[in-house]
Amino acid sequence: MRITPFASSLVALAAAVSLAGCAANEAAPAGSAAATSSGATLTGKGSSAMKAAQEKWVADFQTANSGVTVNYSPEGSGAGRSAFIAGAAQFAGSDRALKDEEMGAGKFAGCAADSSALNLPVYVSPIAIIFNIEGVDSLTLDPATAAGIFAGKITTWNDPAIAKTNPGVTLPDGNITAVHRADDSGTTSNFTDTLNALAPTVWTEAASDAWPAAIGGEAATGTSGVVGAVTNGTNTIGYADASQAAKLGHVTLLVDGKKLTPTADAASKIVDASPLVKGRATNDLALKLDRTSEGAYPAVLVSYVIVCETYQDSATAKLVKDYVGYIASSAGQQSAATAAGSAPLSSAFQAKVKAAVDSIK
C-alpha cells in the first residue's frame, strides 16, 4: 500500500497542529498527528492483520502533515521483521514481538551500531475462528474440539464432539476443510499458542509462525487469502483477524462453561492482565499473553510496531517518533477502533507506550 501526500488544501490542518518547528529530538504530544518535515518518507512493512488500521493511521497522519509520505506494505509479519532487520523498512508491523534470540545490538541494519530494537504494542484484536458451513449460521466449540479440528483429528462436521456443543443445530456430514496461513505469520503464532494453552493434550505443537507441516490442511497466503479461501470454499473453517472477516460466521468458544465471542472488549482484557516478557530493556513492551485470564477471549492478536532504540540519523528518529506516537495515542487508538474494529489500548498502557516512544533516539 502506498498513500501519496494530500492536496494543498489540507495545509491548514497541518498548520493547526503547529508542530513543524519542533526540535528533531522532541516527541509528538499525546493525541496529535504531529507535523513533520515536508518531503519526508517513512517506510513500514509487515502485519496484514493491521492493514485497515494502518490505512487509517496513514491517512490521518498525512492529512496533518502535508508533503509527508508514509508507505506501509501489509506483506505479513515475517516479511516485515525481515525487512526491518535488513534495513529495508524503518519500522515493522508484527503480530508477535521479536524473540530474545532476535534481539541485541548490531542485529538491525537500519539502527545505530549499538542499538537494539523496541517492541511496542499498538493494535489489539481478537482472532476469530471463521467458518462457512452449509446450513449453519452459528457454531460453538470448546477448545479441545477446535484444536482437534485444526490438528486434523476431527474430520467431519457431524462428529459427536461438535454436535455436543451445538444442540439443535443440523450439521452436515461433509468433510471439514481447515484453512491455515501459508506464510510465516504472527496470527498463526498467536492462534497456535491459544490452542496449546487451552488444549495442550490435543494441540501438542508449540506456538509457531509457520503452520506445522505434519498437520496439513489447506494453505492460503495472508489474512485476505485465508478469508477468501473460507468464503469461497464449502464446509470450511479458518482463523483470521476478526475485523477482516465480518461477513463470515465467527465461532463462539466455550471455555470453562462460559461462552466467549471475538469482540474487541473481550480481547482488550488480556493486555492489561498480561505481564511483560522478563529480561527486556525498560522501554521494550513485549507481552507474555495470559490466555487464561478470567472472562477474556483467549485468541487475541497483539500487533507490535518494531522500531530502533536509536536510529542512524535524527530525522528518521523524529519521523518514527511522530508517526508511532500518533498511532499509540488516544486519538490514534480510537481512529483504528472505528476503522478496523480493534480494541483501544487502556490509558495506562498508552502511557507506557508513550514513554517508550519518547525514548527513541
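The values are calculated or read from the model by the stated rules, or taken from the named source; none is laboratory data. Here the structure is a predicted model, which is why all the values come from computation and not from measurement. Positions of Cβ are generated from backbone atoms using ideal geometry, with glycine treated the same way; all protein chains shown enter the neighbour counts.
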Problem set entry | Restricting region 270-281 to residues that are β-branched (V, I, T) and touching a Ser or Thr at 6+ places or on another chain (Cβ under 8 Å), the residue that is surrounded by the most Cβ atoms within 10 Å (Cβ to Cβ) | I270
For this session: Starting from region 265-278, keep only residues that are under 21 Å from D241 (Cβ atoms), then list their pairs with residues that are crowded, with 16+ Cβ neighbours inside 10 Å and β-branched (V, I, T) whose Cβ atoms are within a distance under 7 Å, requiring at least 6 positions of separation or different chains.
Result: A267/V124; A267/V300; S268/V124; I270/V300; V271/V124; V271/V302
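Would you pick out the residues in region 19-55 that are under 26 Å from S243 (Cα atoms) and at pLDDT below 95?
Answer for region 19-55, where residues must be under 26 Å from S243 (Cα atoms) and at pLDDT below 95: A30, G31, S32, A33, S47, S48, A49, M50, K51, A52.
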For this session: Output the residues belonging to region 63-91 that are touching a Phe, Trp or Tyr at 6+ places or on another chain (Cβ under 7 Å), closer than 26 Å to G222 by Cα and in a helix (DSSP H, G or I).
Result: F84, I85
For this session: Identify the residue in region 56-91 that is hydroxyl-bearing (S, T, Y) and either within 15 Å of the chain's Cα centre (by Cα) or crowded, with 23+ Cβ neighbours inside 10 Å (or both) and, among all such residues, is modelled with the lowest pLDDT.
Result: S77
Exercise. Right, A331: surrounded by fewer than 21 Cβ atoms within 10 Å (Cβ to Cβ), among the aliphatic types (A, V, I, L, M) and within 19 Å of the chain's Cα centre (by Cα) or not?
Worked result: yes
For this session: Output the residues belonging to region 256-281 that are among the β-branched types (V, I, T) and modelled with pLDDT under 95.
Result: T261, T263, I270, V271
Problem set entry | Residue within region 291-310 that is surrounded by fewer than 21 Cβ atoms within 10 Å (Cβ to Cβ), in a loop (DSSP other than H, G, I, E, B) and modelled with pLDDT of 95 or more present | yes
